[in-house]
Amino acid sequence: MKKIALINDLSGFGKCSLTAAIPVISVMGIQACPLPTAVLSSQTGFKEYFCDDFTDRMKDITDQWKKLDVNFDGIYSGYLADSLQIEKVLYFLEQFQKKDTLYLADPVMADHGKPYGMFTEKFLQGMKVLTRKANVLTPNLTELCLLADEDYEKMIGHCQEEDYIARIQSVSEKLLAKAEGKQTIVVTGILRKKTGQEYVGNLAVSAEESFHIENPYTGMGFSGTGDLFASVICGSLVKGLSIREAMEKATYFLQEAIEEASKENVSPCHGVHFEKYLSRLL
Ligand code: PXL
């Protein structure tokens, strides 16, 4: 059976990180091997939360796995609490990243132009190093701009223009040029208005191809949808699907769950009822 190492936190509420990745990877017929980076009462978007940081345990788990002599077909790293955790992931990659391992890095650090609590200049520099080692990157537009040293506010100033997606593509290409090997960048949650209707889309850019899939935007964003999206991409690519097939699968899985949560006014920090749609990934 194929295996994916999931380097992410375990949050009791918020349907994100490991509680999103484990069910998705499992239903896709792949063994999910969680390496928890922290255990939280809920994701950090809640007003208050308890967090038990696992930074010190990350190397211990990595070393024990090394002794087990296991191999991974995929490695997926998500939310990391600080730059020390980035170093622990780099150590994990030294042990387990082989030529044919698919490494997906989700550079979680900001959204809608605002950095998350863990963000520092040092964290960004660490994330730049980490993401260069990835085969696939899933930044949102804010994270793409941070990684490529571009001005996010200036970029979204062009959101009503014809060439908005082409502009995002050229920033992605700038980042691709800096990477060591072949990479695919999937820019997630791109919002734009066309003829009075708002759309949300994802743009995939690699050396070979570039394409953009978008759907009408419900006006609401929910905790964990980025993690669910990245999990489907990672599982699909490990199973040998193309990036286009992977993105179509992720959209088919999430679109209705997001529409339903928006209609039912689900509290955004609690996340969508993705459980009802897991069978779409079988
Ligand atoms: O969904 C990203 C994420 C994962 N884990 C934790 C978070 C967040 C986003 O805020 O707080 C703990």
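Check the straight Cα-Cα distances from Lys47 and name the lysines below 19 Å, setting aside those fewer than 8 residues away within the same chain.
Straight-line reach from Lys47, under 19 Å: Lys15, Lys114.
Among the aspartates and glutamates, select those whose C-alpha is under 15 Å from the C-alpha of Lys276, and discard any that sit fewer than 8 residues away in the same chain.
Output for Lys276: Glu256, Glu259, Glu260, Glu264.
Which residue fluctuates most in the GNM of the chain (Cα springs below 10 Å): Lys59, Lys239, Lys263?
Lys263
Would you calculate the volume per residue, in Å³, of the smallest convex hull containing every Cα atom of the chain?
Spread over its residues, the Cα hull of the chain gives 121 Å³ apiece.
Work out from phi, with θ = phi - 60° and the Karplus expression 6.51 cos²θ - 1.76 cosθ + 1.60, the ³J(HN,Hα) of each residue of the range 14-28, listed in order in whole Hz, and give x for Gly and Pro.
Taking θ as phi minus 60°, the curve returns x, 6, 10, 6, 5, 5, 8, 5, 4, x, 5, 5, 5, 5, 7 Hz for the range 14-28.
On the principal axes of its Cα set, how long, how wide and how thick is the range 1-122? Give whole Å, largest value first.
Between the extreme Cα coordinates on each principal axis of the range 1-122 lie 41, 33, 26 Å.
Please list, or write none, the lysines whose alpha carbon is within less than 20 Å of the alpha carbon of Lys67, excluding same-chain residues fewer than 8 places away.
Straight-line reach from Lys67, under 20 Å: Lys2, Lys3, Lys59, Lys88, Lys98.
The range 232-275: which GluC sites (Glu not before Pro) are DSSP loop and have at most 10 other beta-carbon atoms within 10 angstrom?
Passing sites in the range 232-275 are Glu264.
I'd like the Karplus ³J(HN,Hα) series for the range 253-261: coefficients 6.51, -1.76, 1.60, θ = phi - 60°, whole numbers in Hz, and an x wherever there's a Gly or Pro.
Coupling constants for the range 253-261: 5, 9, 3, 5, 4, 6, 4, 5, 5 Hz.
Would you mind pulling out the separation of the Cα centroids of the range 176-201 and the range 1-80, in Å?
If you average the Cα positions of each part, the centres end up 26 Å apart.
Calculated from DSSP H runs of 4 or more alone, at -39500 (n - 2.57) each and per residue, what is the 222 nm mean residue ellipticity of the chain, nearest 500?
-12500 deg cm²/dmol
Computed from the coordinates by the stated procedures, all read-outs in this text should not be read as laboratory data. Worth saying up front: this structure is predicted, and the values here are computed from it rather than measured. Every residue, glycine among them, receives a Cβ derived from its backbone with ideal geometry; neighbour counts consider all protein chains shown.
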